[in-house]
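Remarks on the structure that follows.
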Amino acid sequence: MRITAFFAPFFVVLAGVCGFYLRVSELLNVFDVNSGLPERNAATTLWLAVFSAAFALIVIIFAIRVASKHKALSGFENAFGTDPLAYPIIFLITGILWIIGTYFYYSYLSLRNALNTYDIIFIVFSAVSAISVTMFAIEMYQDSRRKISFVLSVVPTAFMCFWLIFMYKNNASNPILLSYIYQCLAIVASALSFYFTSGFLYGKPAPGKSIVAYYLAIYFCIVTIADNHHMGIKMIFVALIAVNLVHSTMLLRNLQRK
């Protein structure tokens with residue numbers, strides 16, 4: 001699986017870039033400038049929906065084939081191969097990017113005096129999750145048997161679930177589902193990716209489901225970056241892309257034939 005682990009991410013990122021440009025075209029040409037309402041049955045909207053569905057189907061078929069012929073080794077450090085020093089270093093950089101994005105978002109809300117209780121919880125939870133992701137990688141590199149590893153693996157999943165609630169609260173009065181549907185899918189896929197990743201630590205490995213979650217998270221996060229989010233939020237999505245790229249590549253690389 002080493003060759004597949006090298007080439008598969010390029011295909012996923014390429015698909016994400018294509019989805020990104022379709023989303024940019026949709027935002028520029030489909031949504032009315034004054035009302036914000038989308039044009040009904042717009043070609044770009046249909047193309048993006050069909051392309052996203054086709055990509056998801058390809059990923060699912062790929063994951064089923066991989067899971068039918070390969071298995072993950074027992075133990076997180078064996079399943080992902082966390083021995084190289086590059087693993088914690090990459091996640092340290094990713095965590096720093098995540099924290100910087102969170103700080104930028106906090107500064108943006110503070111300057112506008114728009115901070116509320118939910119925003120504060122989101123910002124604190126996001127920073128804690130960034131730290132947890134980094135510390136988890138360090139623990140996996142040093143010693144995966146310590147109990148703190150189990151706690152660290154769950155924190156990002158909980159944050160993604162809260163982010164989904166936070167996003168729904170901010171869009172509860174928004175009747176235009178198309179304006180935030182891809183952000184919703186990105187958060188859901190990211191939550192599943194963290195959930196299935198922690199499963200390897202808890203003795204519940206699911207390589208096929210993990211691959212689907214990783215690749216869908218990468219794709220939808222790239223597409224979501226095209227939306228009109230604050231730069232800090234976009235930086236968090238970039239960090240999520242990096243996390244899923246690393247974990248998906250490491251998992252595929254270390255799968256063994258049944």
Working only within the range 122-145, note down all residues that are touching an Asp or Glu at 6+ places or on another chain (Cβ under 8 Å) and over 11 Å from residue 201 (Cα atoms). 141
Being buried (at least 17 other Cβ atoms within 10 Å of the Cβ) and touching a strand residue (DSSP E or B) at 6+ places or on another chain (Cβ under 9 Å) is the filter here, so list the residues in the range 53-112 that pass it. 70, 72
From the list 195, 214, which one is more than 18 Å from residue 123 (Cα to Cα) and touching a Phe, Trp or Tyr at 6+ places or on another chain (Cβ under 9 Å)? 214
Filtered residue count, the range 149-191, keeping only those that are hydrophobic (A, V, I, L, M, F, W, C) and either farther than 28 Å from residue 204 by Cβ or at pLDDT below 85 (or both): 5
Report yes if residue 168 is surrounded by fewer than 19 Cβ atoms within 10 Å (Cβ to Cβ), free of Cβ contacts under 8 Å to residues at least 40 places away in the same chain and in a helix (DSSP H, G or I), otherwise no. yes
Across the range 181-236, what is the total count of residues that are of a type outside the set (A, V, I, L, M), in contact with an Asp or Glu (Cβ under 9 Å, 6 or more places away or on another chain) and not in a helix (DSSP H, G or I)? 0
Which residue is farthest from the chain's Cα centre (by Cα), if the candidates are limited to the range 99-137 and must be among the aliphatic types (A, V, I, L, M) and at pLDDT below 90? 111
Tell me the helices (runs of 4 or more DSSP H) entirely within the range 1-101 that contain at least 1 residues that are in contact with an Asp or Glu (Cβ under 6 Å, 6 or more places away or on another chain). 43-69
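The values are calculated or read from the model by the stated rules, or taken from the named source; none is laboratory data. Here the structure is a predicted model, which is why all the values come from computation and not from measurement. Here Cβ is always computed from backbone atoms with ideal geometry, including for glycine, and neighbour counts include all displayed protein chains.
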